[in-house]
């Protein structure tokens, strides 16, 4: 098991400037039986912080204490040891609840209400005005593809539809701190993709998100930092890169190569490393199943095939994307925007120790998902603004970044350690300089 | 096609223009109905006066016209004029001999005429009809402005169709009240609930939670069953009344079963639903998504209770309106001996049945108990000391120390005093054969000028109360020189009407009761006793309608208390346990009065004076329960309604304050417990 380093992700630290949203110190929870004997130690001396504006992951297998930790953060349970604070206050403080949105592991909704009434009920708990309520309800229902089913009672909904409604109620107050406990449970891949894009969107907008899941792929795509629990104990903490990067391997991606070229590359590597290193594996990257699924759905939608279930939804609700009075728009245009995380692109890659992979094709399925398009476009615009401010990119690369290409631009790969730039240059015949800084890299799912 | 028509209907009844036009039409129709009724009743009154003139003469007619001009002064003027203007019958009797007896007979006739005049005045008093028209207009306006006007119009058309079918099948008379009742009650309930939802539509946690409770009540099958049962039961009840019975019994039966039945159903629903709405949210975890919003514990509990309050107000409003309207309908049915309402087939203007309906059933009467026995305190204490000495002599054990003797004496003193007072009170209400007793009823000054008779209600018990035995009871009024001999069955309530002239200047009625026929000196075989509350004198005070509203308010207060019990019990108990606890409290509160009565005869010692510890413990618990709920149980709204008993503003206020304090205490306890709950741990597991 990788041990977490006490380093912080530079991106999240740059986003978070204020006090931490959640501080847990030696947090413990022991459940007792009727005779007050210790029955189960669900959480055992767990300490962590959730910083402002970061997307924090809480991972662990079933029964590891994730939901119990969340319940203590929300005041649904009292810790038997340690302490936890939210926005500097106790979890039972009523005022802080205005800034929190919570999606429990199951959507516990009122079966006798319909979607509209459900959202209206929760909106009134925040004392929202009528017009604001109606606007947000409309936008959320549209965003989650529930507009057609909004007048049906919740008891008639499928699990996925109930889950979407649960997400909507968690967002109705435009929370500063969003807690999502297994948000993608019951959702189809479209919905899952949408939720992940939404989380990233919210993160970009400066929201703090606590994401709890045992679906690792969902968490990996979204979070800045994460904690892994097992048996109520924290086993690892850190950023994805810190925890997942293999330091002893290098991945290089190129266009399709024939066998002779691969052999030549292998010979060069061996020569340069005196036989210590070699090309370990050569393969063609695969499109992910999610990307294929989304492609098919997108095609069906363009052919206008009918469906009675939830649709893929529309764009992210405007009140979640921006302040409703538009004041943040100006600050957004002039503020630093983080680079879009690589989670939105579906990329295949091969990792090897100083090896080069042959890439026959690179495709991104995310570009065919309408719900992600605004995020991608927003990401492109963000990069453009960044470039204008910092003056790092050429006009040509700017134009490329603006186009919603099948292969959307993703986060530039950090400089790989242990890779000899001159080697690459020689392989490519003294090709472009700065290739590593600007070429897109795609992670294999 | 139907969908299109329905969408047109929906759009129309939502439009503001339609609402304004419909409202104007409704108000115009209501005013027209009121005017038409006033004109028609004036015409009918004229006919009654002509009949009255035949029996009582022109002078009495002039009094009627004077009284009709001002209803507020009717009682006072009639009382004054009755003494001066004698009826022809009274005058002729006076001319016959001017004897005391003739004068008394004349006074009785005058008194009867005065009562009849007031009943006629009440019959043609438009206040009841105005209230009914007003309520109906308000309901119609509510329906229109909650965008259900055309829907209800369609319902009315449906009702008319069903009535038509019933008419064709020849069962209109028996089915009409049921059909109209079902539609009217269902429509009223829907409109009221819609109004409540609109009233609770503010954007705040308390109102949002309350509104959610109402929606749950309408849409969940459990509560819907109770609502349907209540509406159905109330609509069916009139069909179960037998036309052969006197009208007063029919009205009393309807009031008794209608009020107690609907209150019982509503109370059960309120208890069950108030528990369920809180307990089920905790069990099914919907509460997690509420308490993780900015909702304080007190807001949650208050919101749930407010929702129950609105639900109980709707249900009670519907049932109370239905009972009131149908009672008025029954009142205008022919009584025994009448060809039509208020028109006797022969003889007197008003039959006995009609008279009792108007003066005893649909009335509001203050009740006075006789003054307590005039014991001499010094004499009482001497008697107590004598008995203590006798008892100590019998229970003294050789070798007892003086301290032991003193302790025994103190313990015995209270017990003997209590037993002695009970015994004296019993003996004061007991009359031996050929003996008599004088009872004084005070505080009747207000009744002196009333134009309604006094009602003397009494019950005698003797031996094993054989149902076929009749005792002779002579009731005399020493100050006035009147006496009546009654044949009284044992253990049954007997009612006697007395004229207000029996009240002396001090506001007292002094009554001398003989065991037997005093005129023939024939005593009964055994002594008889008036049980507790077996001697009551009552007089009319306030109007039936106002009293009805106060009593319905009392019922609502009780339901609010039950709702608070249910909500607070469910904050920390699971559904079955909370329901049992709530029902236990409900039955204890409702039965406190019966418990207090039973305690009077409950023995806690053996004949030899030994304490029965189990009985003593039971008695202590029962005393505690009856004392806690004494105010609640003394309100007795259903009993008062059936007996036409007055509930004063003072009693209403004190009862409301006491129940409100209980509600506040329960609310505080519920909030404190709820704040400490760990809602992620369900107590039912």
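The values are calculated or read from the model by the stated rules, or taken from the named source; none is laboratory data. Here the structure is a predicted model, which means the values were calculated and not measured. In this analysis, Cβ positions are derived from the backbone assuming ideal geometry, glycine residues included, and neighbour counts consider all displayed protein chains.
Quick one: is residue B:579 in a helix (DSSP H, G or I) and in contact (Cβ under 8 Å) with a residue 60 or more places away in the chain? Taking the combined requirement at face value, the residue satisfies it.
A single entry from B:148, B:220 fulfils the requirement of being out of contact with any strand residue (DSSP E or B) (no Cβ under 9 Å at 6 or more places or on another chain), modelled with pLDDT under 85 and within 14 Å of another protein chain (Cβ to nearest Cβ): B:220.
Is at least one residue of segment A:70-84 modelled with pLDDT of 90 or more, in a strand (DSSP E or B), surrounded by 17 or more Cβ atoms within 10 Å (Cβ to Cβ) and within 26 Å of the chain's Cα centre (by Cα)? Yes, that holds for at least one residue.
Among the candidates B:227, B:287, which residue alone is away from every other protein chain (no Cβ under 14 Å), in contact (Cβ under 8 Å) with a residue 40 or more places away in the chain and touching a helix residue (DSSP H, G or I) at 6+ places or on another chain (Cβ under 9 Å)?
Details: B:287 fails: away from every other protein chain (no Cβ under 14 Å).
Selected residue: B:227, the only one of B:227, B:287 that is away from every other protein chain (no Cβ under 14 Å), in contact (Cβ under 8 Å) with a residue 40 or more places away in the chain and touching a helix residue (DSSP H, G or I) at 6+ places or on another chain (Cβ under 9 Å).
Comparison of B:174, B:188 shows that the only residue that is closer than 26 Å to residue B:137 by Cα, in contact (Cβ under 8 Å) with a residue 12 or more places away in the chain and more than 14 Å from chain A (Cβ to nearest Cβ) is B:188. Scanning segment A:132-164 for residues that are within 13 Å of chain B (Cβ to nearest Cβ) and more than 15 Å from residue A:114 (Cα to Cα) turns up A:132, A:133, A:136.
Where residues in segment A:112-125 are in contact (Cβ under 8 Å) with a residue 12 or more places away in the chain and within 11 Å of another protein chain (Cβ to nearest Cβ), which of them is farthest from the chain's Cα centre (by Cα)? Break it down stepwise before answering.
Taking segment A:112-125 first, the residues in contact (Cβ under 8 Å) with a residue 12 or more places away in the chain are A:112-116, A:118-120, A:122-123.
Next, from what is left, pick out any that are within 11 Å of another protein chain (Cβ to nearest Cβ): A:112-114, A:118, A:120, A:122-123.
Values: A:112: 33, A:113: 31, A:114: 30, A:118: 27, A:120: 28, A:122: 26, A:123: 26 Å.
Residue satisfying both the conditions and the ranking: A:112.
When A:188, A:224, A:197, A:181 are checked against the criterion of being within 21 Å of residue B:290 (Cβ to Cβ), in contact with a helix residue (DSSP H, G or I) (Cβ under 7 Å, 6 or more places away or on another chain) and touching a residue at least 24 places away in the same chain (Cβ under 8 Å), A:181 stands alone in meeting it.
Total residues in segment B:515-546 satisfying the condition of being touching a strand residue (DSSP E or B) at 6+ places or on another chain (Cβ under 8 Å) and surrounded by 15 or more Cβ atoms within 10 Å (Cβ to Cβ): the figure is 19.
Of the numbered criteria (1) more than 7 Å from chain B (Cβ to nearest Cβ); (2) at pLDDT below 95, the one residue A:129 fails is (1).
Filtering segment B:198-212 to residues that are over 14 Å from residue A:128 (Cα atoms) and within 11 Å of chain A (Cβ to nearest Cβ) leaves B:200, B:209, B:210, B:211, B:212. Within segment A:89-108, the set of residues being closer than 21 Å to residue A:159 by Cα and at the interface with another protein chain (Cβ under 7 Å from one of its Cβ atoms) comprises A:102, A:104, A:108.
Scanning segment B:216-229 for residues that are more than 19 Å from residue B:183 (Cβ to Cβ) and surrounded by fewer than 18 Cβ atoms within 10 Å (Cβ to Cβ) yields B:219, B:220, B:221, B:222, B:225.
Kindly check whether there is at least one residue in segment B:230-242 that is more than 16 Å from residue B:319 (Cα to Cα), within 14 Å of chain A (Cβ to nearest Cβ), at pLDDT below 90 and surrounded by fewer than 18 Cβ atoms within 10 Å (Cβ to Cβ). Among the residues of segment B:230-242, not one is more than 16 Å from residue B:319 (Cα to Cα), within 14 Å of chain A (Cβ to nearest Cβ), at pLDDT below 90 and surrounded by fewer than 18 Cβ atoms within 10 Å (Cβ to Cβ), which makes the answer no.
Quick grid of which residues meet (1) surrounded by 18 or more Cβ atoms within 10 Å (Cβ to Cβ); (2) outside any helix (DSSP H, G or I):
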position: B:624; (1), (2): no, no
position: B:647; (1), (2): yes, yes
position: B:651; (1), (2): no, no
position: B:663; (1), (2): yes, no
position: B:670; (1), (2): yes, no
position: B:673; (1), (2): no, no
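Could you tell me which of the residues B:292, B:277, B:262 is within 14 Å of chain A (Cβ to nearest Cβ), buried (at least 22 other Cβ atoms within 10 Å of the Cβ) and out of contact with any strand residue (DSSP E or B) (no Cβ under 7 Å at 6 or more places or on another chain)? Give the derivation first.
Values: B:292 fails: out of contact with any strand residue (DSSP E or B) (no Cβ under 7 Å at 6 or more places or on another chain); B:262 fails: within 14 Å of chain A (Cβ to nearest Cβ).
Exactly one of B:292, B:277, B:262 is within 14 Å of chain A (Cβ to nearest Cβ), buried (at least 22 other Cβ atoms within 10 Å of the Cβ) and out of contact with any strand residue (DSSP E or B) (no Cβ under 7 Å at 6 or more places or on another chain), namely B:277.
Scanning segment B:582-613 for residues that are buried (at least 18 other Cβ atoms within 10 Å of the Cβ) and free of Cβ contacts under 8 Å to residues at least 40 places away in the same chain returns B:585, B:595, B:596.
Would you confirm, using the coordinates I've provided, whether residue A:235 is in contact (Cβ under 8 Å) with a residue 40 or more places away in the chain and part of a strand (DSSP E or B)? Before the answer, list the steps.
Values: in contact (Cβ under 8 Å) with a residue 40 or more places away in the chain: yes; part of a strand (DSSP E or B): yes.
In short, yes.
The single residue among A:109, A:76, A:90 that is without any contact (Cβ under 8 Å) to a residue 40 or more places away in the chain and within 23 Å of residue B:212 (Cβ to Cβ) turns out to be A:76.
One line per residue, one yes/no per condition, for (1) surrounded by fewer than 21 Cβ atoms within 10 Å (Cβ to Cβ); (2) assigned to a helix (DSSP H, G or I); (3) under 22 Å from the mean Cα position of the chain (by Cα); (4) at pLDDT 75 or above:
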{"position": "B:304", "(1), (2), (3), (4)": "no, yes, no, yes"}
{"position": "B:315", "(1), (2), (3), (4)": "no, yes, yes, yes"}
{"position": "B:349", "(1), (2), (3), (4)": "no, no, no, no"}
{"position": "B:360", "(1), (2), (3), (4)": "no, yes, yes, yes"}
{"position": "B:363", "(1), (2), (3), (4)": "no, no, yes, yes"}
{"position": "B:373", "(1), (2), (3), (4)": "yes, no, no, yes"}
{"position": "B:382", "(1), (2), (3), (4)": "yes, yes, no, yes"}
{"position": "B:392", "(1), (2), (3), (4)": "yes, yes, no, no"}
{"position": "B:398", "(1), (2), (3), (4)": "yes, no, no, no"}
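Only one of the numbered conditions (1) more than 24 Å from residue B:207 (Cα to Cα); (2) in contact with a strand residue (DSSP E or B) (Cβ under 9 Å, 6 or more places away or on another chain) is violated by residue A:143, and that is (2). Tallying residues that are within 14 Å of chain B (Cβ to nearest Cβ), without any contact (Cβ under 8 Å) to a residue 24 or more places away in the chain and farther than 19 Å from residue A:102 by Cβ within segment A:29-73 yields 7. Against the conditions (1) away from chain A (no Cβ under 14 Å); (2) surrounded by 19 or more Cβ atoms within 10 Å (Cβ to Cβ); (3) touching a helix residue (DSSP H, G or I) at 6+ places or on another chain (Cβ under 6 Å), residue B:254 satisfies every one except (3). If the condition is being within 19 Å of residue B:535 (Cβ to Cβ) and in contact with a helix residue (DSSP H, G or I) (Cβ under 7 Å, 6 or more places away or on another chain), then segment B:451-477 contributes B:453, B:454, B:455, B:477.
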